[in-house]
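Below: the structure, in structure tokens.
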Amino acid sequence: MLLYAQPLSRILQLAADDLTRDPSGHTYLRLGDPPSPVPEPFAALLHELAASEPANPWLFSGRHPGQPIAYRSMLTQLHDLGLPMRTARISALRQLVLQAPAPVIAGALGFHHITTRQHTNAAGPWSYYASRDHGQ
């Protein structure tokens, strides 16, 4: 959620086959087009999670066979861990649009281009403030 600014509802719908590894050993997660690269140690953790229940197609399997974990169950667990879900996800998206062009982020992570543009506008002016040469 914090790595790719994805809403919890979308994360819970990720299937094990959304996680791929290319011949060179790099891991990708299909959130949009093209799939997004997954850095270590997250890649290893996701592969471990996918292999933990090979009969279940979901990355986050639920109590009922063949079903993902219930939204409310996962939300409760994350809140109990002290994760500020909404603010953390928004902060992650703003950081992502500062690192790459908004259309690239939109395509790779499955966001609407207007959403990423709005976050670029919200984060943009501050991102240029410190780097500008104000003295000359």
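Full extension of the segment from LEU83 to LEU2, taken as 0.36 nm per residue of separation minus the current Cα-Cα distance, would add 28.2 nm. Taken about its Cα centre, the chain carries a charge dipole of about 500 debye when Lys and Arg each add +1 at the Cβ and Asp and Glu each add -1 at the Cβ. Using bins 5 angstrom wide from zero, how does P(r) for segment 8-129 break down, in % of all Cα pairs? Bin by bin from 0 Å, the calculated values are 2, 10, 16, 19, 20, 17, 10, 4, 1, 0, 0.
Approximating the spin labels as points 7 Å out from Cα along Cα→Cβ, the ARG10-to-ILE114 distance works out to 1.6 nm. Considering only LEU49, PRO84, PRO37, and ranking their Cα positions along the charge dipole of segment 8-129 that arises from unit charges at the beta-carbon of Lys, Arg, Asp and Glu, the one farthest toward the positive end is PRO84.
Using 0.36 nm per residue and subtracting the Cα-Cα separation, the extra length available between SER24 and GLU48 on full extension is 6.8 nm.
Axis angle, to the nearest 10 degrees, between helix 71-80 and the longest C-alpha principal axis of the chain: 60 degrees.
No lab work stands behind these numbers, since they all come straight from the coordinates. In this text, all values refer to a predicted model and were calculated from it rather than measured experimentally. FYI the Cβ positions are ideal-geometry reconstructions off the backbone, even for glycines, and counts take in every protein chain you see.
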